[in-house]
Amino acid sequence: MIKIEKKEQCCGCSACEQICPKQCITMCADEEGFLYPVVEKNKCVNCGMCEKVCPVLNVSKKRSGEPLCYAAYNNNEEERLNSSSGGIFCLLARRIIEEGGIVFGAAMSDDCKKVHHIAVSELEDIEKLQGSKYVQSEIGSTYKQARKALEDGVKVLFSGTPCEIEGLKAYLQKDYEKLVCVDVVCHGSPSPKLWGNYVRFRERHAGATAYRTFFRHKKHGWKKYEVLFKFTNNTSYEQILYKDLFMQMFLQNLCLRPSCYACSFKKENRESDMTLADFWGCGNICPDLDDDKGLSMILIHSETGKMFFDSIKANVFFREVPIRSALKGNAAVTESCKKPQNREQFMGAIGTMEFNMLGKRYLKPASFKERLRRAIPEKVKMKIRKYL
């Protein structure tokens, strides 16, 4: 029987819920809004399957060798600008669907207050899965759906955070030739409760309901991205990441899932076939590719990942780069976020204070050095880097 003694021991992947033969496990939100398994003990037969598939209790062994590392972007500029980084995911998804397959990934709910995993099999639906979503996704029954598709001989692309991918692999309990797993480099999973409160806060200010949100809109460029809300009264909210309340709470690590502060899945060699990330620090490694429109870092972990990347190369500008150099600007690949001392106080207050007051009380002001860095236009920084 799965038993969560410490919340740091659960990543919320839902593998235990979906594997249970008696369906006696339910994922329930705690006071912080994160999902944890709750067992109906009178139905449990102690088969041990839930413990067997838990990726935290059974951390996978490291793959040998060093991943291939690429800097890359989509040659289609419109698709690139509509993506969070280099626009690679939409190419991968399109490839799978054109081959008659199914793509699983994180999508925003219609009311913009939750993120959940869905399956898409039509090209026009790929946009639902595009873009970063800084809220923990509800996996739901998508592991079961993916297994059903694989058993039927359908090709599957499953995308998610590293813990979600390892949860899927543990749930499946065997390898499938037609499965491709793509994970993303994850800063950490913010509270769904906090995000829901933020959407309602923005709706009150707009006097209308939100129907579309963007966490990483590139109006001001890839590096100084902005949060964008669109409302039903034809108004919008736009704010760069440094000034948006939710983004600052996220980037200051105040609202992350407890397991994210000691993540078991931060590692160079991963269970996925391919890892996608923003190529932060690219200006020091490949400054000629740093045009502030978005650049992806791609890590290839398996032969399946290599073959899959090869299948989209015709539509990608890419360059192999030394992985040691690439990881210097992307510490989130292998390092967990530090837990702020006031994290518990902050999370305990999210349901008791107006959102702007929550920010005033708990957000730290930027240092002088950081304010100076932000004040320098990105184009000037790019010119300096290229000159040096």
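The values are calculated or read from the model by the stated rules, or taken from the named source; none is laboratory data. Quantities reported herein were computed from a predicted structural model and do not represent experimental measurements. Glycine gets a Cβ as well: all are built from the backbone with ideal geometry, and neighbour counts include every protein chain shown. Ligands, DNA and RNA are excluded from the accessible area calculation, which covers all protein heavy atoms including side chains. Shrake-Rupley method; radii C 1.70, N 1.55, O 1.52, S 1.80 Å.
General observations
- Heavy atoms of residue 280 accessible to a 1.4 Å probe, total area in Å² rounded to 10: 90
- Anchor residue 293: aspartates and glutamates whose Cα lies under 20 Å away (excluding residues fewer than 8 positions away in-chain): 77, 78, 79, 127, 226, 238, 278, 320, 378
- GNM top mover of 108, 353, 274 - the chain, alpha-carbon springs below 10 Å: 353
- With 22 Å as the limit, the listed pairs 223/339; 155/313; 230/360; 144/230; 41/339; 7/266 have 223/339; 230/360; 144/230; 41/339 beyond it between alpha carbons.
- Given a 1.4 Å probe and the protein chains as shown, residue 285 ends up with an accessible area of around 60 Å².
- Cα radius of gyration and Dmax for the chain (Å): 20.7, 69
- Value at 222 nm in deg cm²/dmol, rounded to 500, when DSSP H runs of n ≥ 4 in the chain each add -39,500 (n - 2.57): -8000 deg cm²/dmol
- Surface/4 of the Cα convex hull for the range 236-368, nm²: 11.4
- Sequence-distant lysines (8 or more away, or on other chains) whose Cα lies within less than 18 Å of residue 267: 61, 62, 169, 328, 338
- Sorting 27, 249, 307 by solvent-accessible area of protein heavy atoms yields 307, 27, 249, largest first, with a 1.4 Å probe.
- Neighbour-limited loop hits for trypsin sites (Lys or Arg not before Pro), the range 61-110 (at most 11 other Cβ within 10 Å; DSSP other than H, G, I, E, B): 61, 62
- Set of aspartates and glutamates near residue 22 by C-alpha distance (under 19 Å), chain-local residues within fewer than 8 positions excluded: 40, 51
- If you run the Gaussian network model on the chain, springs between alpha carbon atoms under 10 Å, then out of 85, 14, 302 the most flexible one is 302.
- Taking only alpha carbon atoms, the range 96-220 gives an Rg to Rh ratio of 1.01, where Rh is the Kirkwood radius.
- Filtered GluC sites (Glu not before Pro), the range 55-149: DSSP coil and at most 13 other beta carbons within 10 Å: 99, 122
- Inverse of mean 1/r across different Cα pairs in the range 107-162, Kirkwood, Å: 12.3
- With protein chains left intact and a 1.4 Å probe, residues in the range 1-123 average 50 Å² of accessible area per residue.
- For trypsin sites (Lys or Arg not before Pro), the sites in the range 127-183 that DSSP calls loop and that have at most 11 other Cβ atoms within 10 Å are 174.
- Stretching the chain fully between residue 354 and residue 319 yields a gain of 7.9 nm (0.36 nm per residue, less the alpha carbon separation).
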